[in-house]
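As structure tokens, the structure follows; a few thoughts come after it.
The values are calculated or read from the model by the stated rules, or taken from the named source; none is laboratory data. No experiment lies behind these values; they were computed from the predicted model shown. Here the Cβ positions follow ideal geometry from the backbone for every residue, glycine too, while neighbour counts run over all protein chains shown.
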């Protein structure tokens, strides 16, 4: 990048938010924009944008009345949520091909639960028959089967071909898979078109007045161990905390009523979304004057979620909420005036006033909506740069629709110079919140019920679509559960080699997307030869990848490899540098780093001595010692005997101590024995 003078330097930082543990996820994505990224185009000379064009209809709701099955054709909701209140389609399949497809998917899920290879063969046959007859959803699933090599030789080319056919037929999940494939190959021009379409579908499901809660896929592990705390909070109605909250709501606590309604409306903490229950709890809460429920009732009536759509009632509820100083409600009111819903006619001036009230009270939705008005020139003079600044403020606070708007800006080159890779990344963030993300909820529900095979299958489907958390979860299930993962390969259940290879591929994909723990595990696999041939050079490459994501363990490992010349040149100076870096990034590494630096000092000053040989032998001795402790000392029977023996020694010691005190002559003061003396009383 060219050097800029202080007078022209203009830095804007955009932090894309994350609710997942930073130790396990990519580092926060930071967008740094300079004045050079801005186009020096006067607002009145900027490319014209039709305010009514669908491409820029950011206040639009063209998909608001569609069910999730319509937005995500071939959705597995009919299998996992057959009684869902979100479905507007009939329970019975409308065509023979659709019936064949859902029969195949249903059998596929049953097969991984019951561990029946024959049933999986029947499922694959039905899916293949529907796919060959041109049913897009079946073509998508068949592409998935080719991609993971389930009962067939793995073929990326055939997977791509079937996903292409399905995508052409309108299947959204195949579009996600193709977009991710293109992104991995740096084919951003193709990826951005698909992600733009997917993001548009996703963004139309967001709320009109306030931000939707961020519902990210739950990470099953926090490294080597199960993420028990996150899983505990995802048990839905069985969660003890939720049961306490529901009890409080039943006893008339207005705040609890609102929270229970919110959980049901969005499907939070493992609950199944239920608009009917949500509406019931919100109505009970507003009877007690709870303002946040008023706002969501306005949202429900505006969207027709579980009730007949009624914009007039929506405006009434939003107005009541705003009078209770709930400033985010102004966004919904402004939206209705922009669209002319529930009011006499469109009124851009009034809409702008409401958006400004929201923005003035730190509601990020207000900044976003003002950005749209200035970008499109709705009721104001068009000002692209000002619009971009509003969007950046909103995005900096995690407003997903602002990510979408910035993605379009960088995609088309309005206000900023065109940046296709950045547009692709921003579109992807939004697209991953589309209706197809329901797969994550079903996978988690299956895992919590102990159906590991079904959870693995669902996470694998999401992994193919580019979800990093799903890639990590699927890989972890393979490593932790082994045969219980119900992984199926080319000719039945996965062999150990197939399972290790599959896990390795998933970890690698997750590491590409910034999962430092995944890169570390890949390095360990190559270093120790777990599921692959031992290869120190490839281990070093993986550790370098994790190190680039500021992983302290990877830095320590690189220092160790330099110290011993394993996969990297023997270099004690570089070893010390890496050890020091590990300590700088993680203070908890103080003890191992101190020991490693001590080892370096010994190696430097006493090279070739017995002490150095002892230090070098420790990596071989320690696993044997650890195995001996686990297999011998900690074996149930031996542990009991050792405990009893320790207790016996303690009793004998205490009895001997008591005997010595009794033997002492009355009136004498017992003196401590000196070294090498027998137990003889000292003279008076």
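Using beta carbons and a limit of 6 Å, which pairs, at least six apart or on different chains, have the first residue in the stretch 485-508 and more than 18 Å from residue 151 (Cβ to Cβ) and not assigned by TED's automatic domain parsing to the domain that holds residue 123 and the second one at pLDDT below 90 and surrounded by fewer than 19 Cβ atoms within 10 Å (Cβ to Cβ)?
Going by the 6 Å Cβ cut-off, the qualifying pairs are 500/531.
Would you pick out the residues in the stretch 272-314 that are under 23 Å from residue 236 (Cα atoms) and touching a residue at least 60 places away in the same chain (Cβ under 8 Å)?
272, 273, 274, 275, 276, 306
For the stretch 169-194, how many residues are within 15 Å of residue 73 (Cα to Cα) and free of Cβ contacts under 8 Å to residues at least 24 places away in the same chain?
1
Quick one: which of 454, 428 is on the phi < 0 side of the Ramachandran plot, under 16 Å from the mean Cα position of the chain (by Cα) and in contact (Cβ under 8 Å) with a residue 40 or more places away in the chain?
Among 454, 428, only 428 is on the phi < 0 side of the Ramachandran plot, under 16 Å from the mean Cα position of the chain (by Cα) and in contact (Cβ under 8 Å) with a residue 40 or more places away in the chain.
Starting from residues that are touching a residue at least 60 places away in the same chain (Cβ under 8 Å) and part of a helix (DSSP H, G or I), keep the ones in the stretch 112-127 and report whichever is surrounded by the fewest Cβ atoms within 10 Å (Cβ to Cβ).
Step by step, filter the stretch 112-127, then rank; the result is 117.
Yes or no: residue 567 without any contact (Cβ under 8 Å) to a residue 60 or more places away in the chain and at positive phi?
Answer is yes for this residue.
Listed here are the residues, each with its yes/no results for (1) in the same structural domain as residue 342 (by TED's automatic domain parsing); (2) surrounded by 17 or more Cβ atoms within 10 Å (Cβ to Cβ); (3) not in a helix (DSSP H, G or I).
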position	(1), (2), (3)
248	yes, no, no
257	yes, yes, no
306	yes, yes, yes
316	yes, no, no
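Among the residues of the stretch 344-361, are any in contact (Cβ under 8 Å) with a residue 60 or more places away in the chain, part of a helix (DSSP H, G or I) and surrounded by 23 or more Cβ atoms within 10 Å (Cβ to Cβ)?
no
Does residue 398 satisfy the condition of being in contact with a helix residue (DSSP H, G or I) (Cβ under 9 Å, 6 or more places away or on another chain), in contact (Cβ under 8 Å) with a residue 12 or more places away in the chain, assigned to a helix (DSSP H, G or I) and on the phi > 0 side of the Ramachandran plot?
Taking the combined requirement at face value, the residue does not satisfy it.
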